[in-house]
C-alpha cells in the first residue's frame, strides 16, 4: 500500500538543476534506501519530502488521508543534527515535544519512553555535550519520533559513526522498521543491503535504478567468478583476459581477481582446467552474486 507518492519532483538553484523530474513511491511499512554518488540530490530530495525545502515543481502526496501541512506526519533526522550541548537529553526531548504541540507532562512522558527505546535512558540527565557520536544519533532518532510520525526520514544516519556507534544505530533501525515506514540515505552500501526492503539509486538528480534488492540483482545480474591464489596471479591475468567468454577482469589485489563472464558453465570448466594445466595454486574459486556495491558503481560510471 502506497504511503507517499512523489511525481515530477524538481528543484532548481538558479541554472543548476539539483533534482530533475524525480518519481518514486514509499510503501507503508517498508524500509527504503535512497542511494547515489555525492551531489546526486539525495539530501535535497529528503529536504523537500520533509517540508524543509520547497520544490520548484512536482507533487508530494500522502495517501493516508493526510490533511493540511504534511510535516506533522514526518519525523526527520538531518545528516548533521545540531543539539544544545548545555541541555540534558531529557530536556532536549521535552523542548522538541512542546514544539510539536505536546504539553510538558505529555512531552516528559513521551521523552522517557523514547529514551528507553533508543537505549540512552541512563544518560537522560547528562549534558548532551558529553554524549558520544552514537548517543547523539540515538537522541536524534528519538527527537524525530517525538510527534509519533507515520514516516521516519533519516539522512545519512550512520556516516559519521565509528563501528560501534554504527552497529548501535543499525540495530535500532532494525527495531523501528517493524513499526514505522522508513526512508534513509546512506553511503554505506552494506547497511542498505542489511536493513532495507526497497532501493532507489539516483544520479544527477534523476532516477537511475529502483527495485527490491532481489529484483535488482536478478535484472542486473552478471555471472562473476571470484578467484584467490596462494600467491600472485599477475602472470596468468593476460591469458585469462583473452578467453572469449571473459567480458571483464578486475584485479582486486595481487592475489585476487574478479572475472565477469558471458557463459558461467564454460568459464568455470575452462578456467579450472587452465589453472590445473599451469599448476597455479588456487585457494578460492567461487561464483558470486552482483552486490549492491556493484550496481552502485555501475550507475556511478555511466
* Please give the helix 133-144 orientation as an angle from the longest Cα principal axis of the chain, in degrees from 0 to 90, rounded to the nearest 10. => 60 degrees
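Work out the P(r) tail for segment 129-189: percent of alpha carbon pairs separated by more than 14 Å, whole number. Mind showing how you got there, number by number?
Working: 1007 of 1830 pairs.
Of all Cα-Cα pairs in segment 129-189, 55 percent lie more than 14 Å apart.
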* To do: For helix 89-99, report the angle its Cα long axis makes with the longest principal axis of the Cα atoms of the chain; keep it between 0 and 90° and round to the nearest 10°.
  => 70 degrees
* To do: Assuming a ≥ b ≥ c are the square roots of the Cα gyration tensor eigenvalues, decide whether segment 1-157 counts as rounded (a/c under 1.5), prolate (otherwise, with a/b larger than b/c) or oblate.
  => prolate
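Using 0.36 nm times the number of residues separating residue 159 and residue 86, minus their current alpha carbon distance, what extension gain do you get? Kindly include the intermediate steps, with their values, before the conclusion.
On the way: separation 73, 0.36 × 73 = 26.28 nm, distance 2.48 nm.
Full-extension gain reported as 23.8 nm.
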* Taking the DSSP beta bridges in segment 97-211 as the whole, what percent of them are antiparallel, to the nearest 5? -> 50 percent
* Structure fact -> At q = 0.12, 0.16 Å⁻¹, the log10 of I(q)/I(0) for segment 119-258 from a Debye sum over equal Cα scatterers comes to -0.71, -0.95
* **Extent along principal axes [Cα atoms of segment 158-198; Å; largest to smallest]** => 26, 17, 13
* Asked: Seen from all sides and averaged, what is the projected area of the convex hull of the Cα atoms in segment 221-301, in nm²?
  -> 5.2 nm²
* Please work out the Cα center distance from segment 148-163 to segment 177-191, rounded to the nearest Å. => 7 Å
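For the chain, what D do you get in µm² per second when you plug the Kirkwood radius from alpha-carbon pairs into Stokes-Einstein at 25 °C and 0.890 mPa s? Mind dumping the intermediate values first?
Numbers: Rh = 21.8 Å.
Value of D from the Cα-based Kirkwood radius: 113 µm²/s.
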* When DSSP assigns beta bridges and you keep just the ones with both residues in the chain, what percent turn out antiparallel, to the nearest 5? -> 65 percent
* Any idea what angle helix 163-176 forms with the longest principal axis of the chain, computed on alpha-carbon atoms, 0 to 90 degrees, nearest 10? -> 70 degrees
* Asked: Pick from 92, 76, 274: which is most flexible by mean-square fluctuation in a GNM of the chain where alpha carbon atoms under 10 Å apart are linked?
  -> 274
* Asked: When the chain is modelled as a GNM with alpha-carbon springs shorter than 10 Å, which of 54, 136, 42 fluctuates the most?
  -> 54
* Asked: How high is the FRET efficiency between residue 16 and residue 214 when r is their beta carbon distance and R₀ equals 30 Å, given to the nearest 0.05?
  -> 0.25
* Could you tell me what fraction of 2.2 N^0.38 Å the Cα radius of gyration of segment 1-62 comes to, as a two-decimal ratio? => 1.10
* Computed E for residue 63/residue 112 - FRET, C-beta separation, R0 41 angstrom, nearest 0.05 -> 0.80
* Structure fact -> From the Cα centre of segment 69-139 to that of segment 243-301, the distance in Å is 49 Å
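Read-outs: derived from the displayed coordinates by stated rules, not from any lab. Being a predicted model, the structure only gives us computed values, none of them experimental. Don't worry about glycine lacking a Cβ; one is built from the backbone with ideal geometry, like all the others, and counts go over all protein chains shown.
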